[in-house]
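Below are the structure tokens for one structure; questions will follow.
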């Protein structure tokens, strides 16, 4: 997520340990416009175009 806030750009990033975010199948799009609900679904791992979530990972060990 990239946006302008008063005196500079803000960049928010979420990195997945496995898989990738499912984006629009139309690769000619330069930007994707999402509602707040669609953004939440995307960050939760849902494929907005197929309605399938990412695989949930459960760590066995935490160091």
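Read-outs: derived from the displayed coordinates by stated rules, not from any lab. Computed from a prediction, not measured in an experiment: that's the story for all the values here. Reconstructed Cβ throughout: ideal geometry from the backbone, glycine too, with neighbour counts over all protein chains shown.
Counting other beta carbons within 10 Å of each residue's own, what order do 4, 41 fall into, fewest first?
Working: 4 8, 41 16.
Fewest to most other Cβ atoms nearby, the residues stand as 4, 41.
Give me the number: length gained by fully extending residue 43 to residue 15, i.e. 0.36 nm times residue separation minus the C-alpha to C-alpha distance, one decimal in nm. The partial results should precede the final answer.
Details: separation 28, 0.36 × 28 = 10.08 nm, distance 0.99 nm.
The span from residue 43 to residue 15 would gain 9.1 nm if fully extended.
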